[in-house]
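Presented below is the structure to which this report refers.
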Amino acid sequence: MKTRFLLFSACLIVALAGLMAYSWPQLPAQVPIHWAADGTVNGYGPRASLWLFGPGMLVVLSWLFCQLPAMAPQRYGIAGFAATYYYLCGVALTLFAYVQALVLLAAMQRGWPMQLALPAGLNVMLILLGNPMGKVQRNFLMGIRTPWTLGSAAVWYATHRFAARLMVASGLLGLLALALQAPFWLQSALMLGWAAVAVLYSYWRYRQEQNKES
């Protein structure tokens, strides 16, 4: 799976670098790099920074995702869910490449409005990340890592199965809210609120396990 991940990462890097090379003559000296919640540009930077924060950052992230498993304690490694680990890393890299492509298109004054395109990508990412979340085993690299999930295998698995459903539901509801042009606070709550619910659920399940043992 690591080899597949590296090949996938290389394809993303080459595709993004190719898009940047093709677009380079059309880019202004200063390009937009930051947007407000309503989609208006509130930050600019030199166009050369797109190479650093685009293909350059993809190279760094790909290397980091491959190195992290070796840093984890042996007892909490990824051997039991390596395929899921590299899949989730691949989704994260894809989102990053998608965002960089949006920045590049915005610099050329093409593409969707950022206030629509970015939340859409984040909600799709939630769905893709949530779908296999129940397969993530106890580790220190990814997942819902609370004192209660790390302290109990049963709580870990229950929390991640619950979080998987939460993330998929949040992503789908977020896309619906975006399509209906719901207020920004509601879209943000749908996108981020699942994490707080999952943490509270992990504590509740831990208390249940403690009550069973007493």
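The values are calculated or read from the model by the stated rules, or taken from the named source; none is laboratory data. Predicted, not measured: the structure shown is a model, and the values here were computed from it. Virtual Cβ from ideal backbone geometry, glycine too; neighbours counted across all protein chains shown.
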### Summary
Selection from the range 5-52 of residues β-branched (Val, Ile, Thr), surrounded by 15 or more Cβ atoms within 10 Å (Cβ to Cβ) and at pLDDT below 90 yields Val31, Ile33
### Query
What are the residues in the range 126-137 that are out of contact with any His (no Cβ under 9 Å at 6 or more places or on another chain) and either buried (at least 20 other Cβ atoms within 10 Å of the Cβ) or of a type in the set (D, E, K, R) (or both), if any?
Leu126, Leu129, Gly130
### Task
Determine whether Gln100 is closer than 25 Å to Ala196 by Cβ, among the polar types (S, T, N, Q) and touching a residue at least 12 places away in the same chain (Cβ under 8 Å).
no
### Task
Kindly indicate which of Leu126, Leu105 is touching a Ser or Thr at 6+ places or on another chain (Cβ under 6 Å) and either modelled with pLDDT of 90 or more or more than 28 Å from Ile144 (Cα to Cα) (or both).
Leu126
### Task
Would you check which residues across the range 98-135 are within 15 Å of the chain's Cα centre (by Cα) and either of a type in the set (S, T, N, Q) or outside any helix (DSSP H, G or I) (or both) and list them?
Gln100, Asn123, Asn131, Pro132
### Task
Could you look through the range 1-60, keep only residues that are under 23 Å from the mean Cα position of the chain (by Cα), touching a residue at least 40 places away in the same chain (Cβ under 8 Å) and part of a loop (DSSP other than H, G, I, E, B), and pick out the one that is farthest from Leu178 (Cα to Cα)?
Met1
### Message
Can you say whether Ala169 is within 30 Å of Met71 (Cα to Cα), surrounded by fewer than 21 Cβ atoms within 10 Å (Cβ to Cβ) and not β-branched (Val, Ile, Thr), as far as the supplied structure shows?
### Response
no
#### Entry: Condition check for Gly143: assigned to a loop (DSSP other than H, G, I, E, B), under 18 Å from the mean Cα position of the chain (by Cα) and small (Gly, Ala, Ser)
yes
### Task
Might you check whether a residue that is more than 18 Å from Tyr85 (Cβ to Cβ), buried (at least 21 other Cβ atoms within 10 Å of the Cβ) and not small (Gly, Ala, Ser) occurs anywhere in the range 112-121?
yes
### Task
Could you give me the residue pairs with C-beta distances under 6 Å whose first residue belongs to the range 186-198 and is surrounded by 14 or more Cβ atoms within 10 Å (Cβ to Cβ), whose second residue is β-branched (Val, Ile, Thr) and not in a helix (DSSP H, G or I) wherever it lies, and which are 6+ apart or on separate chains?
Ala198/Ile144
